[in-house]
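Inspection log for the structure reproduced underneath, given as structure tokens.
Derivation of every value follows stated rules applied to the coordinates shown; laboratory data play no part. What you see is a predicted model; the values in this text were computed from it and never measured. Neighbour counts run over all protein chains shown; Cβ positions are idealised from the backbone, glycine included.
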Amino acid sequence: MRDYFGTARGHTERLAQAHRVRGALDKLQAAAGRLSSIYADADGARAAEVSALRGEGDGVATFLERLAELRAFHARFPDAEPGPGTADPDAPIGGEDAAAGADPALTTSAAPPPDFSGEEAGGRCLDLVAFHRAWVNNPAFGAAGEYTGYVRGLAAFGRVPRPARRSRAWRDYLGALLSYLESFYDRAHPLERLDRVYKAGGCGEEAAFAAAFDAGEVAGWKDWGVGPLADDAPAAGPGSFAALPAPGSDFDLEAFSSAADLEAVPVDALRDALAARGLKAGGTPAQRAERLWLVKTTPLHALDRKHFAKGVVPPPPPDTEGEGDVATKKKPTNSCRSAAWLEARVAALASPDVGALAAELEATATAVEQKQARTYEEAAADAEEAGGADLPPSDSDAEDDYVYNPKDLPVGWDGKPIPFWLYKLHGLNKSFPCEICGGFVYRGRREFERHFREPRHAAGMRALGIPNTKEFLDVTAIEDARGLWATIRGRAGGAVGVVGGGGPPGAGGAAAAAVAVGMDEEVEDADGNVYTRKVYDDLKRQGLI
């Protein structure tokens, strides 16, 4: 009882507390059941025991007989362990909890937490994604719509065509949905009782509900499912498509005079009109028009069963007397009664106003709307607060799976080898080693040409005392670079020093400047002719310009 009246902080703690209290209550009910069976004394063992304790009959003889049985048993089994439930004479009555002052009957043990999926958010929301997918993909009773509208109109059965509500597919869908809702209610509300919810919804006992159904008192089934349209048309909440009529149910056949006129109607309108009446919606436009025209000339109950869609039960024919009076029409089989029973139970749980799970349904729709509107940063922050279950995968969390790469192809941005044709297109099958870079191997011509401007190659040239100019492009061997540098120095008259070598400070920069002046600088004469600085000086010295 202390756990029941204790203060729990947060939804998770309150739910865990409720499950612990329910576990204690289940133990109490089990113990009460055992005591009730003992006091019932179906086999007469308790009466015989009480009679022996009162000393009725020969008490001494009974005592000696039992003592002999105990001695014989222990003589045959000297090493037998005490059986289950044998009390320890040295232990306090009731165990450690009783010694501490707690009532052993009400002591709660740590029960495992209830199992909720990620969409259920610890019992705050419902996970109806699979049922929404089944609803959208079923042509008989489903309709396209947003998930939030489906959640808010979960118990609005008036949008479903009457022929579809008589089908087995509809009953299977309701059965699976009801099973999930009951399971969720049992996990999210452990101290509540489903029988009270169903009793408040008028579907507590099946026999009483069947009597009300036969009397025509069940909403939506007052005509026992015989009529073409249901009498219930529940309104839906904002953003729901539940209040809309079933597509094609309002198609007016009186505006057409023949099946040929129906062929001009758009294909989607014909398909919806046929589906609303439980008929097959396939075939050519002419076949659809002829099938829909049959509805105007022939009642639905008189149509051949081959015209109806798979799983749809045709309506039964009316009685000959009182034709048009609902009360005189034949009552259908138990299929309509079973569908009404399932609908009533789902409505008792999922009705938007009085349903036991109305708050959870609204929280589900609100959570989906908020999730669709939030940014990536907000989603990551919410997932981190929830325990990191929905966090996006990061590079550090990725597993280092083995990647099959027998040709040693380069790895792309996705961590997988690039295609072989792309490997050859870029010339990556050709390798270019560079001795100046310490023997580093470059793949492809593009990477090889780009590396001459990178710090690794520049550092190697600086270590050799050679300027990293364009004259040394494509030079990768150290001896070739030194030979070319000696040639350049010879052409410059030996004035070029060693870059980064043992010369005076700044000698390397002066040498690079001398090479640049002699080889790179361009000048122009009075006539507009362009020469290099060296050629211009030679021609001017000779008096040619």
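Which entries of Lys470/Lys540; Lys280/Lys306; Lys222/Lys280 have Cα-Cα distances beyond 20 Å here? From the list (Lys470/Lys540; Lys280/Lys306; Lys222/Lys280), the Cα-Cα distance tops 20 Å for Lys470/Lys540; Lys222/Lys280. The order of the peptides 15-22, 35-42 by mean Cβ neighbours within 10 Å, most packed first, is 15-22, 35-42. Approximating the spin labels as points 7 Å out from Cα along Cα→Cβ, the Ala486-to-Glu384 distance works out to 6.4 nm. Starting from the 7 Å offset along Cα-to-Cβ, what nm value, one decimal, do you get for the label separation of Ala358 and Arg445? The two pseudo-label positions are separated by 7.7 nm. The length gained on full extension between Ala68 and Asp115, counted as 0.36 nm times the residue separation minus their Cα-Cα distance, comes to 11.5 nm. Extension gain for the segment Ala260 to Glu290, taken as residue separation times 0.36 nm less the Cα-Cα distance, is 10.0 nm to one decimal.
Taking 45 Å as R0, compute the FRET efficiency from the Cβ-Cβ separation of Ala459 and Glu522 and round it to 0.05. Between Ala459 and Glu522 the formula returns 0.90. Full extension of the chain between Arg187 and Ile478 yields a length gain of 97.0 nm, computed as 0.36 nm times the residue separation minus the alpha carbon distance. Packing here is the average count of other Cβ atoms within 10 Å per residue, and on that basis the peptides 172-181, 468-477, highest first, run 172-181, 468-477.
Could you tell me how far the Cα centroid of region 120-175 sits from the Cα centroid of region 400-445, in Å? Distance between centres, Cα-based: 54 Å. Within straight-line reach of Lys424, meaning a Cα separation under 28 Å, sit the following lysines at least 8 residues removed in sequence or on another chain: Lys407, Lys416.
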